[in-house]
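**Q** Below is the structure I would like to discuss, written out as structure tokens.
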Amino acid sequence: MDLKINKKKFEVFLKVAEELNRSLDIIPILYGSLGLYKIIGEYGECNDIDILVPDEFVNGKWNELINLMKKTGFELKDEYEHKFICDSEIVAFGKQDDLTKRIGLDPDNLKVSKVGGAKFKELSVEDYLFAYKLILRDSSRQEKKGKADQEKIAMIQKYLRAKNRRINEK
């Protein structure tokens, strides 16, 4: 996928993250392919922008999130999947506690980054490797995205080997 497309997706993420920071006092987690590619510098297919937020914002405070997204120009595309769309860009929200439940990561221990006026949390490369390996065990996920997940795992492993070589050369 074109670097310009991912750059635009990241800019959309920053816009949404900044609004989440300001309006709802949320520091979101950049997740999925866009988060991975931001960290490792590889640019592959990013279909949407995955953002994790505190559970209550996709449950009891869901209307607050809907209103915030409308304010930033997004329309609700799929309520069940918590997806919004604006100018063909799709933002999908998930529960941050799924990190703990599904892969054993504590959202409070993630790195906090700041770009422009947006603060957000990020997984490490190792976290992504662990997550994709774990997700691959899910048979329904394997049917839908198994090949893409395996490619991401291979890309992460290649990145980590290169990183370790650079460290060992020092």
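**Q** Hey, any hits in region 4-19 for a residue that's polar (S, T, N, Q), touching a Phe, Trp or Tyr at 6+ places or on another chain (Cβ under 8 Å) and surrounded by 14 or more Cβ atoms within 10 Å (Cβ to Cβ)?
**A** yes
**Q** Among the numbered criteria (1) crowded, with 20+ Cβ neighbours inside 10 Å; (2) within 17 Å of Tyr128 (Cα to Cα); (3) touching a strand residue (DSSP E or B) at 6+ places or on another chain (Cβ under 7 Å); (4) not acidic (Asp, Glu), which single criterion is violated by Ile39?
**A** (1)
**Q** Need pairs with beta-carbon distance below 9 Å; first residue buried (at least 21 other Cβ atoms within 10 Å of the Cβ) and within region 121-136, second of a type in the set (S, T, N, Q) and not in a loop (DSSP other than H, G, I, E, B); sequence gap 6+ or separate chains.
**A** These pairs meet every condition: Lys121/Ser113; Tyr132/Gln150.
**Q** For the subset of region 55-88 comprising residues that are open to solvent by less than 30 Å² (accessible area, probe 1.4 Å) and not hydrophobic (A, V, I, L, M, F, W, C), which member is nearest to the chain's Cα centre (by Cα)?
**A** For region 55-88, the residue satisfying everything is Asp55.
**Q** Name the residues in region 99-114 that are modelled with pLDDT under 90 and surrounded by fewer than 16 Cβ atoms within 10 Å (Cβ to Cβ), would you?
**A** Within region 99-114, Thr100, Lys101, Arg102, Gly104 meet the criteria.
The values are calculated or read from the model by the stated rules, or taken from the named source; none is laboratory data. Since the structure is predicted, the reported quantities are computational estimates derived from the model, not experimental observations. As a convention, Cβ positions derive from the backbone with ideal geometry for all residues, glycine included, and neighbour counts pool all protein chains shown. Areas reflect the complete protein model, heavy atoms only, side chains present, ligands, DNA and RNA absent. Shrake-Rupley method; radii C 1.70, N 1.55, O 1.52, S 1.80 Å.
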